[in-house]
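Worksheet: the structure to be examined is printed underneath.
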Amino acid sequence: MLGRFSLLLKAQPFFDGREIDMNILMLVGSLRAGSWTAQLTRSLTDLVPAGTTSRVHTGLGDLPHYDQDLDTDQPPASVAAFRAAVEAADALVVATPEYNGSLPGVLKNAIDWASRPRGASAIADKPVAVLSVSPSPRGAQWAREDAERILRVAGAVPLEQSVGVPSVHAAVVDGFFADFRVEKALGELMQSLVDAASAPAVPHAA
Ligand SMILES: Cc1cc2nc3c(=O)[nH]c(=O)nc-3n(C[C@H](O)[C@H](O)[C@H](O)COP(=O)(O)O)c2cc1C
């Protein structure tokens, strides 16, 4: 019932029919198989315009703890693969649950790897849509705020708006959006991300 209802909602046009050749990489801050954050993030692939490729990077759990001694010209293979995926992306989605009032270590670790080498990092100037997800009513607001701040310090460009999804178990059911307000907010977030990634790059001041 909910699924059919949501399928109808999926027909809502968040985009104006443009075909956009764009590559969006999604980073999910939970490694567990039944993750709400991962479920919700996978559903975002329905909210991007035709022509857009969006996929979740599945290797965050394979990254070693950040260690400057490992960060050489030949970093571990998992790091090289992750940096290449970030580099190849036109834009990122960072989706985070909240652990003890902030973002999980796995996500912070990934951002740390992506932020180096300094001055030539994969994440530099990358537009990022940040969303936080929680079964609680607060929507993991602290994790979201911390993720935005950390991404900014790392050199990425988080969108001005971000989305917190509270009570996620009621917002997404069996992979379908069950709450149109959440679907609408996330659709608008994805539209802003595509717009930001389509905008001409602003050259840095010398
Ligand atoms: C170590 C740990 C700390 C947590 N701390 C918070 C918290 O500070 N705020 C919150 O809303 N939920 C907290 N939770 C509950 C998570 O929001 C919940 O487990 C959520 O389902 C995790 O996201 P996931 O479903 O994507 O794995 C915590 C869970 C764990 C395991």
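The values are calculated or read from the model by the stated rules, or taken from the named source; none is laboratory data. In this text, all values refer to a predicted model and were calculated from it rather than measured experimentally. Cβ atoms come from the backbone with ideal geometry, glycine included; neighbour counts cover every protein chain shown.
Structure notes:
- Just one of the numbered conditions (1) away from the ligand (no atom under 16 Å from the Cβ); (2) under 13 Å from Val93 (Cα atoms) is not true of Ala114: (2).
- Residues within the stretch 140-152 that are aliphatic (A, V, I, L, M) and farther than 15 Å from Leu92 by Cβ, tallied: 2
- If you check Leu92, Leu47, Leu60, Leu70 for being within 16 Å of the ligand (Cβ to nearest atom) and among the hydrophobic types (A, V, I, L, M, F, W, C), only one passes: Leu60.
- Whether a residue is modelled with pLDDT of 95 or more, within 15 Å of the chain's Cα centre (by Cα) and either under 18 Å from Leu107 (Cα atoms) or surrounded by 13 or more Cβ atoms within 10 Å (Cβ to Cβ) (or both) was assessed, and Ser30 passes this test.
- All conditions but one from (1) surrounded by fewer than 18 Cβ atoms within 10 Å (Cβ to Cβ); (2) under 13 Å from the mean Cα position of the chain (by Cα) apply to Asp67; the one that does not is (2).
To keep it simple, each residue is scored yes or no on (1) under 19 Å from Pro49 (Cβ atoms); (2) modelled with pLDDT of 95 or more.
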| site | (1), (2) |
| --- | --- |
| Val106 | no, yes |
| Trp113 | no, yes |
| Arg118 | no, no |
| Ala122 | no, yes |
| Ala143 | no, yes |
| Val153 | no, yes |
| Glu160 | no, yes |
| Phe177 | yes, no |
| Pro200 | yes, no |
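- Any hit, the stretch 72-94, residues being within 26 Å of Glu188 (Cβ to Cβ), of a type in the set (Asp, Glu) and within 19 Å of the chain's Cα centre (by Cα): yes
- Cβ pairs under 8 Å, 6+ apart, first in the stretch 59-79 and over 20 Å from Leu31 (Cβ atoms), second part of a loop (DSSP other than H, G, I, E, B): Leu70/Pro64; Leu70/Pro76; Asp71/Arg116; Asp71/Pro117
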